Amino acid sequence: AQSVTQLDSHVSVSEGTPVLLRCNYSSSYSPSLFWYVQHPNKGLQLLLKYTSAATLVKGINGFEAEFKKSETSFHLTKPSAHMSDAAEYFCVLTGGGNKLTFGTGTQLKVEL
Amino acid sequence: GAVVSQHPSRVICKSGTSVKIECRSLDFQATTMFWYRQFPKKSLMLMATSNEGSKATYEQGVEKDKFLINHASLTLSTLTVTSAHPEDSSFYICSARTAMNTGELFFGEGSRLTVL
């Protein structure tokens, strides 16, 4: 069995301050992990992915995430938040086979 | 990256009617497409896996006769909500994998269904 836990359902930051969105996973297989962003009434856009290569993954729009096997984590970070970053973020895991497991999402709010 | 197009983006229908939603992979062939349902402020719930040329595989609790899925070509999958009722109102999203199957999914923009 595999699972994804997004520890915070809501995160609020000020513009220009760092962003941290937390994700922990559980998988019996070597995992591939993804972060997707969803703006209101839109589909999901891939931010970045980890597929067993470098553990520090850089994505679009200044986001990055670090795969830490010892902590079973894949937290998403950005040094400086922008108003346009306000959205819903999903951590997604795929282990053996085609099955994808979605986290419950984290709503990021960016304030002036 | 690969592009997945979903149509219509919004549809309103009367209770008892059927609605078809299309999912197209525009610049790649997708042997497998996935259909999700998303409730307000919730994560995506996988409804079914659509395989080109064969029957879809439905997740537990999803009514096959209610949500008809057809994957007639390598670039098109359709979801038909039959005899729609207000409780079927939701945001439906499709996704597809490329033939390289790196695990990454490309998502459509979603379709907002409102049943009156």
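The values are calculated or read from the model by the stated rules, or taken from the named source; none is laboratory data. Computed from a predicted model, the values in this text were never measured in an experiment. Backbone-built Cβ (ideal geometry, glycine too); neighbour counts: all protein chains shown. Accessible surface is based on the protein model in full, side chains and every heavy atom, while ligands, DNA and RNA are left aside. Shrake-Rupley method; radii C 1.70, N 1.55, O 1.52, S 1.80 Å.
Quick look at the values:
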| item | result |
| --- | --- |
| Flag for A:TYR89 being more than 10 Å from chain B (Cβ to nearest Cβ) and either within 27 Å of B:TYR36 (Cα to Cα) or not polar (S, T, N, Q) (or both) | yes |
| Complete set of residues in the stretch A:24-44 that are in a strand (DSSP E or B), small (Gly, Ala, Ser) and either surrounded by fewer than 11 Cβ atoms within 10 Å (Cβ to Cβ) or without any contact (Cβ under 8 Å) to a residue 60 or more places away in the chain (or both) | A:SER26 |
| Inter-residue pairs, beta-carbon under 7 Å, first facing chain B (nearest Cβ under 7 Å) and in the stretch A:97-108, second open to solvent by 60 Å² or more (accessible area, probe 1.4 Å) and at pLDDT 90 or above, 6+ apart | A:GLY103/A:THR5; A:THR104/A:SER9 |
| Residues of the stretch A:1-23 satisfying the condition of being open to solvent by 40 Å² or more (accessible area, probe 1.4 Å) and in a strand (DSSP E or B) | A:SER3, A:THR5, A:HIS10, A:SER12, A:SER14, A:LEU20 |
| Failed condition for A:LEU56, given (1) in contact (Cβ under 8 Å) with a residue 12 or more places away in the chain; (2) hydrophobic (A, V, I, L, M, F, W, C); (3) open to solvent by 50 Å² or more (accessible area, probe 1.4 Å) | (1) |
| So B:ALA84, is it of a type in the set (Gly, Ala, Ser), open to solvent by 70 Å² or more (accessible area, probe 1.4 Å) and more than 13 Å from chain A (Cβ to nearest Cβ) | no |
